[in-house]
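The structure under discussion appears below in the form of structure tokens.
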Amino acid sequence: MEQPSVAIVILNWNGQNYLEKFLPSVFNCPYPNLQIIVGDNDSTDESCNFLKDNFPLVKIIRNERNFGFAEGYNKVLAQVKADYFILLNSDVEVTTGWIKPVIDLMESDDKIAIAQPKIRSLLIKNHFEYAGAAGCFIDKWAYPFCRGRIFDFVEEDVGQYNDNREIFWAAGCALFIKSSVWKRVNGLDERFFAHMEEIDLCWRVKNLGYKVMYCGKSMVYHVGGGTLNAESPFKTYLNFRNNHYLIKKNIKPWRANFLIPFRFCLDFLAIIKFLVDGKFKNAAAVSKAHRHVIKAFYNHSIKYNRDISKTPNLVGMYNKSIVIDYFLLGNKRFKNLRKN
């Protein structure tokens, strides 16, 4: 029986160094029905020439300008035909046979729309990576976290998460999605630009009743912070702004109308923390995010989602506060979280 067709799509912007280092591992994947595509966001380095000279079998789709992560992927994937898309960061090193276990898992259930592999750190190889780890979750206040990474505490991988299990959202650095579902939800929300757009994608898919899965039999290594490092004020701005976009788009209006003002109050605590730590640009970034959120809500450019089904899939939502667990109760490992 022929395997489903798969397209690995790497979005690149001035990432020749990453392509040189990590594309060979992707190119050597043994999966039989596979195409590898680099979507280039109008790079000004020699990325495209490098690909033409060294990987002529890799298809290049060039965008006319840098559209960011979300719109960039939408532009590229509109030109790709396959049963499954894999959105793969350029700073990811894959392992042999990493594709088939995930595809087999997704083929086993029509309701599985999205999945991710285990994600370890390339810098500390026996530890999970910050962005994805062993599957991703969200708490009742819409704070995202990962199994194997809660806030700044990252666990060592000793086989504790080698299972397959349903999660709330999948990491964007190595995200598998059925192309039919991608088209049904119109891909990523381009207004996010970058950061949390994959959470929004998964949440919209789950609001339609689909499942998001973690596959512990597949593993990749991720550098992380390849586009914006953790201290970047622009990244701070995007994270705070986009988190409010998430709430308004994916939670029923009666609850979102309570949650958004409450989260604003919690965000002010983050501003104070940035100021105390001397990170004045990050504090200003949170304030800027608030102004833009209020403007977007006022002019209705970000609207409540009226299409949430009567039976949205909420598996993977932690019905307590991850902030209280981590900072007040000292629960830094996923296994120590309070039961839902």
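Okay, residues lined up against (1) without any contact (Cβ under 8 Å) to a residue 24 or more places away in the chain; (2) surrounded by 13 or more Cβ atoms within 10 Å (Cβ to Cβ):
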position: Ile251; (1), (2): no, yes
position: Ala270; (1), (2): no, yes
position: Ile294; (1), (2): yes, yes
position: Ser309; (1), (2): no, no
position: Phe334; (1), (2): no, yes
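Among residues of region 139-168 being among the charged types (D, E, K, R), within 19 Å of the chain's Cα centre (by Cα) and not in a loop (DSSP other than H, G, I, E, B), the one that is surrounded by the most Cβ atoms within 10 Å (Cβ to Cβ) is Arg149. Scanning region 122-138 for residues that are over 20 Å from Arg338 (Cα atoms) and aromatic (Phe, Trp, Tyr), we see that the one that is surrounded by the most Cβ atoms within 10 Å (Cβ to Cβ) is Phe128.
If you go through region 98-114 and keep only what is in contact with a Ser or Thr (Cβ under 8 Å, 6 or more places away or on another chain) and outside any helix (DSSP H, G or I), you end up with just Trp98. Checking each residue of region 276-284 against the condition of being buried (at least 17 other Cβ atoms within 10 Å of the Cβ) and within 24 Å of Glu190 (Cα to Cα) gives at least one match. As for region 242-257, it holds no residue that is in contact with a helix residue (DSSP H, G or I) (Cβ under 6 Å, 6 or more places away or on another chain), aromatic (Phe, Trp, Tyr) and under 21 Å from Trp169 (Cα atoms). In summary, helices (runs of 4 or more DSSP H) completely within region 1-83 and bearing 1 or more residues that are without any contact (Cβ under 8 Å) to a residue 24 or more places away in the chain and either surrounded by 16 or more Cβ atoms within 10 Å (Cβ to Cβ) or in contact with a strand residue (DSSP E or B) (Cβ under 7 Å, 6 or more places away or on another chain) (or both) occur at 47-54.
Applying the selection to region 148-176, what residues are in contact with a helix residue (DSSP H, G or I) (Cβ under 8 Å, 6 or more places away or on another chain) and aliphatic (A, V, I, L, M)? The answer is Ile150, Ala170, Ala171, Leu175.
All of Val286, Val212, Val205, Val220 fail the test of being in a helix (DSSP H, G or I), in contact with a Phe, Trp or Tyr (Cβ under 7 Å, 6 or more places away or on another chain) and of a type in the set (Val, Ile, Thr), apart from Val286.
Bear in mind that the values in this text are calculations on the coordinates, not laboratory data. Bear in mind that the values here come from a model prediction, so they are computed numbers and not experimental data. All Cβ positions, glycine included, derive from the backbone under ideal geometry; neighbour counts span all protein chains shown.
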